[in-house]
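The values are calculated or read from the model by the stated rules, or taken from the named source; none is laboratory data. Here the structure is a predicted model, which is why all the values come from computation and not from measurement. Cβ atoms come from the backbone with ideal geometry, glycine included; neighbour counts cover every protein chain shown. The protein model used for the area step is the full one, side chains on, heavy atoms only, and it has no ligands, DNA or RNA in it. Shrake-Rupley method; radii C 1.70, N 1.55, O 1.52, S 1.80 Å.
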Amino acid sequence: MGGHFDLETKQRRIKELEEETKKETFWQDVEKANQVNQELVNTKKEIENYITLEKNIVDNLELIDILSSEELSSLIEEFLKLESQMEELELNCLLNEEVDKLNCYLEIHPGAGGTESCDWASMLSRMYMRFCENMGYKYEIIEYGKGEEAGLKSITIYIKGPFAYGYLKKEKGVHRLVRISPFDSNKRRHTSFASVLVTPEYNKDINIDIKESDLKIDVYHSSGAGGQSVNTSNSAVRITHLPTKTVVTCQNERSQLKNKDQAMKMLKNKLYELELSTREKEMNDIKGDMANINFGSQIRSYVLEPYKLIKDNRSGFETSNVLKVLDGDLLPLIKSVLKTKE
């Protein structure tokens, strides 16, 4: 693995986690205990995969000189399987920051383009939810704002799974769509934009002083896809942190109090991330993703007409299999960006 997989460090981490589980007070904080156990399972699996992969490669290489052509053909197929496993392991090695292991919140907001952009935001939300299903991640829609004619005005998705933030962190930015608009009777080509914001869910207690006077709290009716899930009471909560203009919303619970608690948790995560930024420019960049959702600011383009092409502007990765990507096959794109030094 070219030195990317630090076996000794991971083995030391397993010992640390195992010692943690032996403490008498371990289960006093159930949420933290579950996080420790999950990290322990994931790290053991990484080591097991690495050792198995290494052994298989060595064993197969030793056989090359004594195999017949037919047996070599079978061995090549085995190597192709090993290559796929190596790519998965390599991707996990690229996610080497502590924050990469965390769950995350993913927000989508339409930009310039009206109804067309609202529909594009809806297409992106489906893409990310399908990606979560492919990865075995659990996800929950925390907030949903319906578009006036079609699509959505906003959506916040809570995503839970190993390295959820690490895989999705580079999706933050503006996504551009070019297609023949289904809302244009003249069948003209339209360009639409939507912004994606990804925030990690920090596991540790976040000690941030939030003054009540700095908050603007609004309650309103939940909006959803319809049916039995529609909540007719004013249970949805929107909290605005006035000094930073940070806005969070939550409507997935029927209880206004629970929605407020969830929104405050999200707000603390966002403010904590801002606090980690040491320069004013970095803080402006985080907020700027939401303010500049238009031409020239995109990280990735999705072209459906007059040809089919997805291109990531950071890594240069291109694919003509647009529909497959929009159906959740994001790993090749994600890997290309993670390997790009920015």
Would you pull out the residues with amide H under 5 Å of Gly111's amide H, same chain only if 5 or more places away, H placed 1.01 Å from N? Phe193, Ala194, Ser195
Share of accessible surface on carbon and sulfur in the range 94-212, whole %, 1.4 Å probe and ligands ignored, is 43
Provide Rg and Dmax in Å for the range 142-181, with only Cα atoms included in the calculation. 13.6, 38
If each of Ile208 and Leu304 carries a label point 7 Å out from its Cα toward its Cβ, how far apart are those two points in nm? 3.6
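Ranked by accessible surface with a 1.4 Å probe, highest first, in what order do Glu149, Glu305, Glu24, Glu107 come?
Details: Glu149 150, Glu305 70, Glu24 185, Glu107 10 Å².
From most exposed to least exposed: Glu24, Glu149, Glu305, Glu107.
For the range 111-219, with every protein chain kept in place, what is the accessible area per residue (1.4 Å probe, Å²)? Kindly include the intermediate steps, with their values, before the conclusion.
Details: 4980 Å² over 109 residues.
Accessible surface, normalised per residue, equals 46 Å².
As an exercise, identify the chymotrypsin sites (Phe, Trp or Tyr not before Pro) in the range 151-223 lying in DSSP coil whose Cβ has no more than 16 other Cβ atoms within 10 Å. Don't jump to the answer; show the numbers that get you there.
On the way: sites: Tyr158, Phe163, Tyr165, Tyr167, Phe183, Phe193, Tyr202, Tyr220; in loops: Phe163, Phe183, Tyr202.
Here the chymotrypsin sites (Phe, Trp or Tyr not before Pro) that fit, given the DSSP loop and packing criteria, are Phe183.
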Obtain the nm distance between the two label points defined at Ala112 and Ser185 by a simple spin-label model: each point lies 7 Å from its Cα along the Cα-to-C-beta direction. 2.7
